[in-house]
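Have a look at the structure below before the remarks.
The values are calculated or read from the model by the stated rules, or taken from the named source; none is laboratory data. Note that this is a predicted model, so its numbers are computed, not measured. Glycine also receives a Cβ, built like all others from the backbone with ideal geometry; neighbour counts cover every protein chain displayed. Keep in mind that these areas ignore ligands, DNA and RNA; they rest on the heavy atoms of the full protein, side chains included. Shrake-Rupley method; radii C 1.70, N 1.55, O 1.52, S 1.80 Å.
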Amino acid sequence: MATTNPQTAKIPVWRDERILKWIAQIAFTVTIIFFAELIFSNMAEGLSQQGTKLGFSFLQGAAGFDIAETLIEFSRSSTYWQAFLVGLYNTLLVSIVGIIFSTILGVILGVARLSTNLLVRWLSAAYLELMRNLSLLVFLIFWYLGVFLKLPRVKEAIIWPGEIYLSNRGIVFPWGLPTETASTYRTILLVAVLAAAGVGFVLHQRGKRTGKSPLTLLWSFGVFALIALAGWFFLPTAPYMLEFPYVDGLRIAGGKTFTPEFMALASGLTLYTAAFIGEVVRAGIQAVSRGQVEAARAIGLNGFQTLRLVIFPQALQVIVPPLTSQYLNLTKNSSLAIAVGYADLFYVSNTILNQSGRAVEMITLVMLTYLTFSLLTSLFMNWYNQRILLVER
Amino acid sequence: MNRKTTTLFALMVVIALVLGACGSPTPADSGDTAPIVETVVVTVEVPAAAPAPLPVPPAGYGVTLATVLERGVLICGVNSQVPGFGYIGADGSFSGFDVDYCRALAAAIFGDSTKVEFRAVTAAERFTALQSGEIDVLSRNTTWSTVRDTELGGNFVHTTFYDGQGMMVPTSLGATTLADLEGGTICVQTGTTTELNLADVMAAEGISYTPAVFEDADSTFAAYAEGRCDAVTTDKSGLISRRTVLANPAEHVIMDVTMSKEPLGPMVRHGDDQWFDIAQWTVFALISAEEFGITSANVADAKAAPASPEVSRLLGNEGDLGLKLGLSNDWAYNIIAQVGNYAEVYNRNLGPDTPTYIPRGLNSLYTDGGLLYAPPFR
Ligand SMILES: N[C@@H](CCC(=O)N[C@@H](CS)C(=O)NCC(=O)O)C(=O)O
């Protein structure tokens, strides 16, 4: 479009800002590639002097070691690649658990910071200050050695109501053991989810049409729960049978075990990140101007409605971007797992690195994985920002 | 829009790097031609009249010694957490069997056993430290195995301590065999042969167990002391050593089972045969000195009046064995005078008068029914 502009046509190439910018970009790229090549060839030369070659085929070799906590089938004869996946899934598990609980706790802390009650306000401020000044590593080791390993030994395990066993081998809960109807029940659950989504969609559309705002989430959840419950009792035998933990020789068998390593890492990450999420939430709420609240009251919304329909939607726009980066922080911080012996991505990769001697390959793999986490997060953030822009009109 | 392009660009650079990493043929090619094969440099006694062409030294040959001499100090990777083998005292000084080997090597090179700098490396760090040249030699209760000798880019010099993997339990547990540990949890350290042997042995014997794996000896044994696991496993020497620093050593027993062969010894990088020879013959000098009855106390007398031609060659009176290694001719004399012979090194760190006493067993001279046997000095 701008090509017809006679003014730009006169500018000589060496003074055309657009071209100069491009040249700068290209020069920058070339420099980066040059340095990357320098580093790479230096490394390749060093490796070849020792007779090692780069490549990822070693990942198909047998691992030879055992891992205690795995979400997939794993034994000493599994491959290095499977070991890597075990680590990846463990990282995802502890991150997701950490994200859920730190969000809940963080919202509570954030709201508490704005409470009218002085003590509550002061306590949550003190909590933030404490976490800010603490090293996460020390905090994790404290949880591990100072809390979870201080629980009694297996034989003297504390038993909480509901048959929950607490010992220094972990916390063991009763857990559902699938019976022969379990797969049918899973289908029923799927139907329940679809029905809930359908109800949600219909209500949402109606809300848009009528201008009334029904409690969409509540209704959807109700539908889901109803179908799930009905299905459970409709089946001839219950799809899951509760299995209670019991002491069996040196271990606590049955039920579901959360190891001290997992517990220490999950609690440490949760409590630490919650403090920062609390700050994000407080800032978000404070960003909504008082006028909005007053206006909401003036048109007759009650306290809850004000929060749900006026404050939250607006606060969320401010909260979500920094919140996502807190989630990313939590995920990256989970690599401190190595300090408490939890088999996360970084820890397992380190073991593979040591047993196979493939330092360059493993470090590359680990970096790429964490980079993928970061890129996915920023993709989400971009998508979210764009959506908000649309809503704002 | 702008942000998207940046992201895309970052992604492309990364992909380019990775592709480069897998696809570049250059390292592979040079890897094939680089003469890192155990080329034996044959030094033949040639009559002076007909000088034969000297064998061309392979690339890397002599680089390490030159670097060390120029630096003026040997950098040795050692343990800092295993008393008797490699341990860092309250004053920051290192002591132990593996540490004394480094001192012997420094004495051979510089004629001064103090010209050595110690770097503490954990089991997991050690091979990278050696590969990357951060240390000149690794002397840290390291087991000789095929993968380490090949893929890990190192060469084992010689076994200095014959060991085997053991299992330690609290006395109160009453366990005497591995089968008694059925269903139990076992503490073990990552990056070791120990974690691999454990998996092997338990699978072979059909015993189910849960590993609890830690980063270094301190955290492994701290977890064991807290009762995180029913038993802890590592080299028997490591168990004996670490038991001495447990709160109440008498409450722990080492089971009478040997789960593996653990030949421990120093390791050097691939690609420098001269350095390998120096490191190896330092071990042989220590062993031979014991065999010939030469100690730090009598080495001066032995040099003044050698009991045999071989002793004379060892101590540098006759021939030029030291020069052939690229060292001075009194290299072995310096080792013995400043550090002692094998028995002296052993007894100083692991003898009956130390807390970490380990009977010599396999680590006796072949003449005493052990496995220590050095090739002739000639
Ligand atoms: N010999 C075995 C195990 C050697 C090993 O690392 N032992 C442990 C347990 S005694 C140790 O020395 N740890 C001390 C540290 O990590 O600093 C190997 O070479 O893999």
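Inspect the range A:366-387 for any residue being β-branched (Val, Ile, Thr), open to solvent by 30 Å² or more (accessible area, probe 1.4 Å) and assigned to a helix (DSSP H, G or I) and give the result as yes or no.
yes
Before we move on, is A:LEU330 over 26 Å from A:SER78 (Cα atoms), aliphatic (A, V, I, L, M) and away from chain B (no Cβ under 11 Å)? Yes; evaluated as a whole, the condition is true for this residue. Among the residues making up the range B:259-272, those that are among the hydrophobic types (A, V, I, L, M, F, W, C) and within 13 Å of the ligand (Cβ to nearest atom) are B:MET259, B:LEU264, B:MET267.
Here A:PHE312 meets each of (1) touching a residue at least 12 places away in the same chain (Cβ under 8 Å); (2) within 20 Å of A:ILE99 (Cβ to Cβ) with one exception, condition (1). Any chance the range B:262-272 includes a residue that's open to solvent by 50 Å² or more (accessible area, probe 1.4 Å) and not in a loop (DSSP other than H, G, I, E, B)? Looking for residues that are open to solvent by 50 Å² or more (accessible area, probe 1.4 Å) and not in a loop (DSSP other than H, G, I, E, B), one finds none in the range B:262-272, hence no. Restricting B:LEU138, B:LEU152, B:LEU130 to residues that are free of Cβ contacts under 8 Å to residues at least 40 places away in the same chain, within 15 Å of the ligand (Cβ to nearest atom), crowded, with 20+ Cβ neighbours inside 10 Å and assigned by TED's automatic domain parsing to the domain that holds B:GLY89 narrows the list to B:LEU152. Checking each residue in the range B:233-260 for being assigned to a strand (DSSP E or B) and away from chain A (no Cβ under 13 Å) picks out B:THR234, B:ASP235, B:HIS252, B:VAL253, B:ILE254. Looking across the range A:109-129, just one residue is under 20 Å from A:LEU269 (Cβ atoms) and out of contact with any helix residue (DSSP H, G or I) (no Cβ under 8 Å at 6 or more places or on another chain), and that is A:GLU129.
On inspection, B:GLU215 passes the criterion of being within 16 Å of the ligand (Cβ to nearest atom), within 13 Å of chain A (Cβ to nearest Cβ) and modelled with pLDDT under 95. Among the residues making up the range A:90-116, those that are free of Cβ contacts under 8 Å to residues at least 24 places away in the same chain and within 22 Å of A:ARG290 (Cβ to Cβ) are A:SER115, A:THR116.
Restricting B:ALA108, B:ALA124 to those that are more than 17 Å from B:THR64 (Cβ to Cβ) and either more than 14 Å from the ligand (Cβ to nearest atom) or within 14 Å of chain A (Cβ to nearest Cβ) (or both) reduces the list to B:ALA124. Within the range B:218-258, count every residue that is within 15 Å of the ligand (Cβ to nearest atom), open to solvent by less than 20 Å² (accessible area, probe 1.4 Å) and charged (D, E, K, R). So the count comes out to 1.
Can we say A:ILE159 is open to solvent by 40 Å² or more (accessible area, probe 1.4 Å) and in contact with a Leu (Cβ under 9 Å, 6 or more places away or on another chain)?
So A:ILE159 fits the description; yes.
Within the range A:217-233, the set of residues being open to solvent by 50 Å² or more (accessible area, probe 1.4 Å) and touching a residue at least 40 places away in the same chain (Cβ under 8 Å) comprises A:TRP232 only.
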